[in-house]
Amino acid sequence: MHSIATELENIIDERITALKKTTEDIFSAKPFPEKWSKKEIMGHLADSAQSNIRRFVVTQYEENPFIIYNQEKWVTIINYQQWKTADIIDLWYLLNKQICAILRNTPEAMYGRKCRTGELHTIEWLARDYVKHLLHHLHVVLNLEPIPYP
């Protein structure tokens, strides 16, 4: 988990400057009315971080907890489109710093504990998948080479 935490920390530290340099207009633009803006994608990444924080913590003391969230409803209810971009980026960054701390603090004996997210997955699998998911969306937001994500 330490290597996953280090990878995640490197990603967020490397990308934070580019995110903060992107203008409000670019972040707020919606490609289509039904598609998320980059601002909403970053809000979704903050929501994903919150959900995964809960998974990484609760799975260490409950047997196979069931922790899911409806991403569309979260983005709509929280209404990230009306937020200041800087606030969303700060929230995203700090939540990911918290994930890094949790992963570094997770005892090796806990890596194999499982959480239900629709399917049953280990904490270690969830952590690796979280990084893949984050990279997929960050590459969209920053107009980098696309990274497929299932």
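Taking each residue of region 130-150 that is more than 13 Å from Ala18 (Cβ to Cβ) and looking for partners that are in a helix (DSSP H, G or I) and acidic (Asp, Glu) with beta-carbon atoms closer than 7 Å, six or more apart or interchain, yields Val131/Glu7.
Regarding Phe66, is this residue more than 21 Å from Glu9 (Cβ to Cβ), aromatic (Phe, Trp, Tyr) and either in contact (Cβ under 8 Å) with a residue 24 or more places away in the chain or open to solvent by less than 60 Å² (accessible area, probe 1.4 Å) (or both)?
On the way: more than 21 Å from Glu9 (Cβ to Cβ): yes; aromatic (Phe, Trp, Tyr): yes; either in contact (Cβ under 8 Å) with a residue 24 or more places away in the chain or open to solvent by less than 60 Å² (accessible area, probe 1.4 Å) (or both): yes.
Answer is yes for this residue.
Inside region 7-46, residues that are loosely packed, with under 15 Cβ neighbours inside 10 Å and either more than 15 Å from the chain's Cα centre (by Cα) or aliphatic (A, V, I, L, M) (or both) make up a count of 16. Which of the residues belonging to region 69-111 are open to solvent by less than 40 Å² (accessible area, probe 1.4 Å), within 16 Å of the chain's Cα centre (by Cα) and more than 17 Å from Glu24 (Cβ to Cβ)? Passing the criteria: Val75, Leu95, Asn96, Ile99, Cys100, Ile102, Leu103. Here Tyr80 passes the criteria (1) closer than 18 Å to Tyr130 by Cβ; (2) touching an Asp or Glu at 6+ places or on another chain (Cβ under 6 Å) except the one numbered (1). The set of residues in region 114-143 that are assigned to a helix (DSSP H, G or I), open to solvent by 40 Å² or more (accessible area, probe 1.4 Å) and aliphatic (A, V, I, L, M) contains only Val140.
Here Asn52 fulfils each of the conditions (1) open to solvent by 40 Å² or more (accessible area, probe 1.4 Å); (2) of a type in the set (S, T, N, Q); (3) touching a residue at least 60 places away in the same chain (Cβ under 8 Å) apart from (1).
The values are calculated or read from the model by the stated rules, or taken from the named source; none is laboratory data. All figures in this text were calculated on a predicted structure; none of them were measured in a lab. Virtual Cβ from ideal backbone geometry, glycine too; neighbours counted across all protein chains shown. Side chains included, ligands, DNA and RNA excluded: accessible areas come from the protein's heavy atoms. Shrake-Rupley method; radii C 1.70, N 1.55, O 1.52, S 1.80 Å.
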